[in-house]
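Below is one structure; the comments refer to it alone.
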């Protein structure tokens, strides 16, 4: 096959006393995402979308939270490893489309920095990396500011 499509969703709880790392950048906020790694749910969704496009299972299979090697790991490392799997099979990124669901903080000021960081990790042009954000409109756990969710769809092409 010359093209592979992957999709994933990741969700993490917001808690005090953690840095908020999202899209490979640190965002100034009074809470951060809880997780075994740095809990960057955007990079987790992208990593798992790549893994899924390749038919290799999920992120937990490759980077289990039961493995101390991944405790507090920078999710940029996980994304780099996931992308390495694609490159090993002769694929590169055609394009990525991702959505961040967060009531606060506002994501618009950070989107360009995220796009730049992700494009660099995926060895592609920023025009191939689209990130959008939406609020929870005060509905559910996102609207109450209890967590952040991210979705990613990726198209890999043989090169």
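Got at least one residue in the range 117-128 being assigned to a strand (DSSP E or B) and closer than 15 Å to residue 41 by Cβ?
no
Applying the selection to the range 139-159, what residues are in a loop (DSSP other than H, G, I, E, B) and touching a strand residue (DSSP E or B) at 6+ places or on another chain (Cβ under 8 Å)?
145, 146, 159
Quick one: residue 115 ticks every box in (1) free of Cβ contacts under 8 Å to residues at least 12 places away in the same chain; (2) touching a helix residue (DSSP H, G or I) at 6+ places or on another chain (Cβ under 7 Å) except a single one, so which number is it?
(1)
For residue 13, which of the numbered conditions (1) closer than 22 Å to residue 144 by Cα; (2) in contact with a helix residue (DSSP H, G or I) (Cβ under 7 Å, 6 or more places away or on another chain); (3) touching a residue at least 40 places away in the same chain (Cβ under 8 Å) fails to hold?
Of (1) closer than 22 Å to residue 144 by Cα; (2) in contact with a helix residue (DSSP H, G or I) (Cβ under 7 Å, 6 or more places away or on another chain); (3) touching a residue at least 40 places away in the same chain (Cβ under 8 Å), only one is false for residue 13: (2).
Of all the residues that make up the range 112-138, how many are out of contact with any strand residue (DSSP E or B) (no Cβ under 9 Å at 6 or more places or on another chain), at pLDDT 95 or above and within 26 Å of residue 13 (Cβ to Cβ)?
1
Taking the residues in the range 122-132 that are surrounded by fewer than 21 Cβ atoms within 10 Å (Cβ to Cβ) and touching a residue at least 24 places away in the same chain (Cβ under 8 Å) as candidates, determine which candidate is nearest to residue 82 (Cα to Cα).
If we take residues in the range 122-132 being surrounded by fewer than 21 Cβ atoms within 10 Å (Cβ to Cβ) and touching a residue at least 24 places away in the same chain (Cβ under 8 Å), then 123 is nearest to residue 82 (Cα to Cα).
The values are calculated or read from the model by the stated rules, or taken from the named source; none is laboratory data. Since we're looking at a predicted model, the values are computed, not measured. Don't worry about glycine lacking a Cβ; one is built from the backbone with ideal geometry, like all the others, and counts go over all protein chains shown.
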